[in-house]
Amino acid sequence: MPHFLDLRDISGETIHALLAEAARQKTKRSTTRDHCLDGRTLALIFEKNSTRTRVSFEVAMRELGGHVIMLRKDDLQLGRGETVADTARVLSRYVHALMLRAYHHHTLMELAKYADVPVINGLTDLLHPCQIMADILTIQERLGSIENKKIAWVGDGNNVANTWITAAMRLNFSLTLACPEGYVPDSDILKQAVSAGAHVSVTHDTHVAVQGADVVTTDAWVSMGDDDTLSRRQAFEAFRVDDVLMKLAAPHAIFLHCLPAHRGEEVTSSVLDGTQSAVWDEAENRLHVQKAVLKWCLGVL
């Protein structure tokens, strides 16, 4: 019963297999339906609002022949004090898999500890592995294998940045993260990556990170749960991805953003809507990756 919580728990070989299945699902979607999850039910649990995670998982499960139950925290007795552990025990008797989009990573880990069915990380404050899988699939489509590519992260050292670091521990690419002082990635994840020999570095200079990069990627300056809005916007003012910064990347470079984007803050509209942007393919690829993850977790891949 494999969980999908953290790319550090998954081998590079398995990651490549999941990406290959996602690509296959994308190719066959318009011609053939794969009903391998007929009779299975997935519970989607949301503490945080969602567009891409909610819709991609629901459509993925339905197109694979399964069923979906949508649950918000206030729909459950979690909102009235029932423990995560007890919730995990009960839901495991009803459904075949759980997906959680949570504020805190420890909530996910407690759910996985006590669940008797696979648990999928739909996002926590620490990690967002489904997103990075979609990003890598997009890179493969646009630029070929991620092997030996240079990835530049610009902005907050948040959950998406942390997950890029975990991916660098499993796949052979270089990653440079340009973050303001005080907003760098998780120190434990970074130390583990460096100790493992991953090609990861952190700078406070966006030009250093982006120079010659194959991929430039970013995220919102203020995420759900952040309450230091004003100080963040001041700290990140020099970390906006615009046309001038993109010109430092390789001529073939693509731009990625996990969305939603705040136009004029972390990225300009000219970049988001420009010829180098792959964000709409990236968003679509969440669907195909979710199918691969669901099949793997439920033992049909």
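Here are the numbers:
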| item | result |
| --- | --- |
| Verdict on residue 48 being in contact with a strand residue (DSSP E or B) (Cβ under 8 Å, 6 or more places away or on another chain) and charged (D, E, K, R) | yes |
| Test: residue in region 77-95 that is crowded, with 24+ Cβ neighbours inside 10 Å and either touching a residue at least 40 places away in the same chain (Cβ under 8 Å) or out of contact with any strand residue (DSSP E or B) (no Cβ under 6 Å at 6 or more places or on another chain) (or both) | no |
| Test for residue 249: is it over 20 Å from residue 129 (Cα atoms), aliphatic (A, V, I, L, M), touching a helix residue (DSSP H, G or I) at 6+ places or on another chain (Cβ under 8 Å) and not in a helix (DSSP H, G or I) | yes |
| Selection count where residues are more than 15 Å from residue 165 (Cβ to Cβ), assigned to a helix (DSSP H, G or I) and charged (D, E, K, R), scope region 105-148 | 4 |
| Matching residues in region 82-104 - criterion: being under 22 Å from residue 299 (Cα atoms) and part of a helix (DSSP H, G or I) | 88, 89, 90, 91 |
| Only one of 258, 297 that is touching an Asp or Glu at 6+ places or on another chain (Cβ under 7 Å) and under 30 Å from residue 62 (Cβ atoms) | 258 |
| Any pair with Cβ under 7 angstrom, 6 or more apart, that starts in region 146-160 at a residue that is at positive phi and ends at one that is surrounded by 24 or more Cβ atoms within 10 Å (Cβ to Cβ) and among the hydroxyl-bearing types (Ser, Thr, Tyr) | 155/218 |
| Residue check, residue 217 at pLDDT 95 or above, outside the structural domain of residue 13 (by TED's automatic domain parsing), crowded, with 24+ Cβ neighbours inside 10 Å and among the hydroxyl-bearing types (Ser, Thr, Tyr) | yes |
| Extreme residue, modelled with the lowest pLDDT, among residues of region 233-249 that are surrounded by 12 or more Cβ atoms within 10 Å (Cβ to Cβ) and closer than 19 Å to residue 259 by Cα | 233 |
| Residue in region 26-35 that is part of a loop (DSSP other than H, G, I, E, B), touching a residue at least 12 places away in the same chain (Cβ under 8 Å), surrounded by fewer than 13 Cβ atoms within 10 Å (Cβ to Cβ) and more than 21 Å from the chain's Cα centre (by Cα) present | yes |
| Residue in region 214-234 that is over 28 Å from residue 284 (Cβ atoms) and in a loop (DSSP other than H, G, I, E, B) present | yes |
| Filter result (outside any helix (DSSP H, G or I), closer than 16 Å to residue 235 by Cα and of a type in the set (S, T, N, Q)) within region 181-213 | 203 |
| Output for region 133-164, where each listed residue is crowded, with 24+ Cβ neighbours inside 10 Å and either acidic (Asp, Glu) or in the same structural domain as residue 100 (by TED's automatic domain parsing) (or both) | 135, 156 |
| Residue that is surrounded by fewer than 19 Cβ atoms within 10 Å (Cβ to Cβ), assigned by TED's automatic domain parsing to the domain that holds residue 141 and under 12 Å from residue 217 (Cβ atoms), where the choices are 230, 259 | 259 |
| Test: residue 53 is within 21 Å of residue 284 (Cβ to Cβ) and part of a loop (DSSP other than H, G, I, E, B) | no |
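Condition check ((1) within 16 Å of residue 154 (Cα to Cα); (2) free of Cβ contacts under 8 Å to residues at least 40 places away in the same chain; (3) not polar (S, T, N, Q)) across all residues:
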site	(1), (2), (3)
182	yes, no, yes
195	no, yes, no
218	yes, no, no
228	no, yes, yes
274	no, yes, yes
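The values are calculated or read from the model by the stated rules, or taken from the named source; none is laboratory data. Please read these numbers as outputs of a predicted model, since none were measured by experiment. Cβ: placed from backbone, ideal geometry, glycine included. Neighbour counts: every protein chain shown.
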